[in-house]
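Okay, so here's the structure we're looking at.
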Amino acid sequence: MSSLETFESTLKDVVNAKRLSASKMSSLTDIALSFMKNDTQLVSTLFRTHRTLPPAAKVNSLYVFDALSRAARNQINKHRLAPPSDPSQGNCATFIVKVEGILDSLWQDLLSTRDETLKEKSKKILDIWVKNNTFPSAALERLSQLLEKSEKGACRILYSLAKRSSRSCNSIICFPPTFTLSED
């Protein structure tokens, strides 16, 4: 079995498991780190697998993105890695750049499920990435804005439901106390 096949097989085991296994996650991370020269294939496999998962399994997929990205960032910092001069050869630095390139799509996919648990886990992962400088601040700011937009969208849905059911808008928790709604 090739390294990519091993990676993909282990990835599917991890994301489809009912519980996240530290040993399987560690094994997946080791496989990924040893295969960084083919970073494009790794990122493609990660994202393709993520997109095909049911919402319940996307939490584990998010944790995989987190673990691999932080492991790559750790290697970059530890060994002072930079992108290689040969663009066909990847390493942890190019892996991070390629993951950064799909983060917006990953976040939009996570938030489109409208699963509050997944949204909460996304926020926690984002906080970890900000704290650890896993990705450039501009990329993390975009993710934060996507998260905020999804929360505002949820508030609009709640307002609409409350309005239809003739309940007071003041009973909707997500609006700040000073927020007033105008009838447009």
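Of the candidates Thr49, Thr134, the single residue that is assigned to a loop (DSSP other than H, G, I, E, B), at pLDDT 95 or above and within 23 Å of Phe7 (Cα to Cα) is Thr134.
Let's see how each residue does on (1) assigned to a helix (DSSP H, G or I); (2) in contact with a Gly (Cβ under 9 Å, 6 or more places away or on another chain); (3) among the β-branched types (Val, Ile, Thr):
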| site | (1), (2), (3) |
| --- | --- |
| Leu4 | yes, no, no |
| Leu11 | yes, no, no |
| Val15 | yes, no, yes |
| Asp39 | yes, yes, no |
| Asn60 | yes, no, no |
| Val64 | yes, no, yes |
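When the residues of region 32-51 are filtered to those that are farther than 14 Å from Asp13 by Cα and among the polar types (S, T, N, Q), the one that is nearest to the chain's Cα centre (by Cα) is Ser44.
I'd like to check something: does region 76-89 contain any residue that is among the acidic types (Asp, Glu) and part of a helix (DSSP H, G or I)? Lay out the reasoning, then the answer.
Within region 76-89, the first condition is being among the acidic types (Asp, Glu), and the residues that meet it are 86.
Adding the requirement that they be part of a helix (DSSP H, G or I) leaves none.
No, that holds for no residue.
None of Arg70, Arg80 is charged (D, E, K, R), within 19 Å of the chain's Cα centre (by Cα) and surrounded by fewer than 19 Cβ atoms within 10 Å (Cβ to Cβ) except Arg70.
Go through Ser144, Ser122, Ser137, Ser88 for me and flag whichever is among the small types (Gly, Ala, Ser) and touching a residue at least 24 places away in the same chain (Cβ under 8 Å). Walk me through it before giving the result.
Numbers: Ser144 fails: touching a residue at least 24 places away in the same chain (Cβ under 8 Å); Ser137 fails: touching a residue at least 24 places away in the same chain (Cβ under 8 Å); Ser88 fails: touching a residue at least 24 places away in the same chain (Cβ under 8 Å).
Being among the small types (Gly, Ala, Ser) and touching a residue at least 24 places away in the same chain (Cβ under 8 Å) holds for just one of Ser144, Ser122, Ser137, Ser88, which is Ser122.
For region 34-56, a residue qualifies if it is surrounded by 16 or more Cβ atoms within 10 Å (Cβ to Cβ) and closer than 18 Å to Arg70 by Cβ, and the qualifying residues are Phe35, Met36, Asp39, Leu42, Val43, Leu46, Phe47, His50.
Filter region 102-116 down to residues that are of a type outside the set (Asp, Glu) and outside any helix (DSSP H, G or I) and give me whichever is farthest from Pro54 (Cα to Cα).
First, pick out the residues of region 102-116 that are of a type outside the set (Asp, Glu): 102-103, 105-108, 110-114.
From what's left, outside any helix (DSSP H, G or I): 113-114.
Working: Thr113: 9, Arg114: 13 Å.
Ranking the qualifying residues of region 102-116, first place goes to Arg114.
Considering only region 107-134, how many residues are among the polar types (S, T, N, Q), surrounded by 19 or more Cβ atoms within 10 Å (Cβ to Cβ) and under 11 Å from the mean Cα position of the chain (by Cα)? Walk me through how you get there before you give the answer.
Start the filter on region 107-134 by keeping residues that are among the polar types (S, T, N, Q), which leaves 108, 112-113, 117, 122, 132-134.
Keeping just the survivors that are surrounded by 19 or more Cβ atoms within 10 Å (Cβ to Cβ) gives 122, 134.
Filter once more, keeping what is under 11 Å from the mean Cα position of the chain (by Cα): 122.
So the answer is 1.
If we scan region 24-46, do we find a residue that is in contact (Cβ under 8 Å) with a residue 24 or more places away in the chain, within 20 Å of Asp115 (Cα to Cα) and in contact with a Lys or Arg (Cβ under 8 Å, 6 or more places away or on another chain)? Looking through region 24-46, none of the residues is in contact (Cβ under 8 Å) with a residue 24 or more places away in the chain, within 20 Å of Asp115 (Cα to Cα) and in contact with a Lys or Arg (Cβ under 8 Å, 6 or more places away or on another chain).
The values are calculated or read from the model by the stated rules, or taken from the named source; none is laboratory data. Model, not experiment: these values are computed from the prediction. Here the Cβ is made from the backbone with ideal geometry for all residues, glycine too, and neighbour counts use every protein chain on show.
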